[in-house]
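The values are calculated or read from the model by the stated rules, or taken from the named source; none is laboratory data. Just so we're clear, the structure is a prediction, and the values are computed from it rather than from any experiment. Cβ placement follows ideal geometry from the backbone for every residue including glycine, while neighbour counts extend to all protein chains displayed.
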Amino acid sequence: MPLVVKAVGNMSQQISFKELLKVFGLGAVALVLGVEWFDWLMRRLRVRGPLKEVLFFPSTQTCLEHLFTPNSSFPCRCPLPHGKETSFSRLLRHLLSARASLDLCVFSFSHMELCRTILLLHERGVTVRVVTDRDYMTITGSQIGTLRRAGICVRHEMSTAVHMHHKFAIVDGKKLINGSLNWTVTAVQSNKENIMVTEEPELVRPYRLEFQKLWEANDPAKHTHQVTNGR
Ligand SMILES: [Zn+2]
């Protein structure tokens with residue numbers, strides 16, 4: 001009887017050991033697969049990451065009607081080239097991707113198609129806020145008055161000593177468009193300019209803070225002693 005007990009005891013010890021080996025084996029396989037998968041995931045994240053795009057200007061002139069009226073069933077008959085992607089069409093696509101908000105800091109704003117873009121976003125219910133330069137908002141061709149008449153909130157630099165010289169936009173609080181480009185036809189079609197578009201949170205965050213700082217600092221209610229056109 002004790003022998004049987006001993007034999008059964010050995011067997012159970014043997015089985016346990018085998019199972020243990022199996023568990024360890026499966027664990028090792030799972031660990032290796034896990035490391036491989038994690039490595040694959042990290043490589044994909046490194047390759048893709050947040051949006052990064054660089055656009056250089058001048059940009060060639062093409063028809064942009066399809067961006068403003070994407071559901072039109074009539075082919076555009078204008079003489080400009082159609083179906084060609086340019087730096088400017090990319091910029092418009094990024095701006096028109098706004099669904100909730102667009103915060104814009106721009107020194108000089110006279111480009112009609114960029115104005116049309118902002119008005120379209122406003123019509124779609126996107127909250128648009130613009131901070132611009134005090135002197136340049138009144139130059140001939142400036143679109144700032146058109147924006148204000150449409151009901152878009154525009155504030156301008158209150159100081160007479162400095163210019164609001166930024167040119168950046170934040171789409172939905174998460175996409176930054178920043179560079180040398182003023183929103184003028186000369187800048188878009190003639191000058192050598194650059195724009196960087198990114199959704200890198202560490203880059204977007206400081207611009208959001210800076211915009212908020214400028215927005216609050218140029219609140220006309222805080223400058224009641226000055227004559228302003230701010231809303
Ligand atoms: Zn056309």
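Of the residues that make up the range 118-139, is at least one in contact (Cβ under 8 Å) with a residue 40 or more places away in the chain and within 16 Å of the ligand (Cβ to nearest atom)?
no
Name the residue that is nearest to Ser89 (Cα to Cα), counting only residues in the range 133-154 that are of a type in the set (Val, Ile, Thr) and at pLDDT below 95.
Going residue by residue through the range 133-154, those that are of a type in the set (Val, Ile, Thr) are 138-140, 144, 146, 152, 154.
The next check asks that each one be at pLDDT below 95; those that pass are 138-140, 144.
On the way: Thr138: 27, Ile139: 26, Thr140: 25, Ile144: 22 Å.
My answer is Ile144.
Within the range 94-109, how many residues turn out to be at pLDDT 95 or above and either within 16 Å of the ligand (Cβ to nearest atom) or hydroxyl-bearing (Ser, Thr, Tyr) (or both)?
2
Restricting the search to the range 103-131, which residues are hydroxyl-bearing (Ser, Thr, Tyr) and either closer than 19 Å to Ser89 by Cα or surrounded by fewer than 21 Cβ atoms within 10 Å (Cβ to Cβ) (or both)?
Let us first name the residues in the range 103-131 that are hydroxyl-bearing (Ser, Thr, Tyr), namely 108, 110, 117, 127.
Of everything in the range 103-131, those that are hydroxyl-bearing (Ser, Thr, Tyr) and either closer than 19 Å to Ser89 by Cα or surrounded by fewer than 21 Cβ atoms within 10 Å (Cβ to Cβ) (or both) turn out to be Ser110, Thr117, Thr127.
Regarding Thr69, is this residue touching a Lys or Arg at 6+ places or on another chain (Cβ under 7 Å) and polar (S, T, N, Q)?
Numbers: touching a Lys or Arg at 6+ places or on another chain (Cβ under 7 Å): no; polar (S, T, N, Q): yes.
Spelling it out, it is not the case that Thr69 is touching a Lys or Arg at 6+ places or on another chain (Cβ under 7 Å) and polar (S, T, N, Q).
For the range 147-163, enumerate the residues that are crowded, with 17+ Cβ neighbours inside 10 Å and over 25 Å from the mean Cα position of the chain (by Cα).
Filtering the range 147-163 for residues crowded, with 17+ Cβ neighbours inside 10 Å gives 147, 152, 154-158.
Of everything in the range 147-163, just one residue is crowded, with 17+ Cβ neighbours inside 10 Å and over 25 Å from the mean Cα position of the chain (by Cα), namely Met158.
Considering only the range 55-64, state which residues are hydrophobic (A, V, I, L, M, F, W, C), in contact with a Ser or Thr (Cβ under 8 Å, 6 or more places away or on another chain) and part of a loop (DSSP other than H, G, I, E, B). I'd like the intermediate steps shown before the answer.
Of all residues in the range 55-64, those hydrophobic (A, V, I, L, M, F, W, C) come to 55-57, 63-64.
Of the ones still in play, those that are also in contact with a Ser or Thr (Cβ under 8 Å, 6 or more places away or on another chain) are 55-57, 64.
Residue satisfying the conditions is Leu64 alone.
Tell me, please, whether a residue that is within 13 Å of the ligand (Cβ to nearest atom), among the aromatic types (Phe, Trp, Tyr) and surrounded by fewer than 16 Cβ atoms within 10 Å (Cβ to Cβ) can be found in the range 53-63.
Let us first name the residues in the range 53-63 that are within 13 Å of the ligand (Cβ to nearest atom), namely 61-63.
Narrowing the set further to residues that are among the aromatic types (Phe, Trp, Tyr) leaves none.
Checked the range 53-63: no residue is within 13 Å of the ligand (Cβ to nearest atom), among the aromatic types (Phe, Trp, Tyr) and surrounded by fewer than 16 Cβ atoms within 10 Å (Cβ to Cβ).
Looking only at the range 70-92, count how many residues are within 16 Å of the ligand (Cβ to nearest atom) and under 27 Å from Val204 (Cβ atoms). Show your work before the answer.
Filtering the range 70-92 for residues within 16 Å of the ligand (Cβ to nearest atom) gives 70-86, 88-89, 92.
Now drop any that are not under 27 Å from Val204 (Cβ atoms), which leaves 70, 85-86, 88-89, 92.
Within the range 70-92, residues that are within 16 Å of the ligand (Cβ to nearest atom) and under 27 Å from Val204 (Cβ atoms) number 6.
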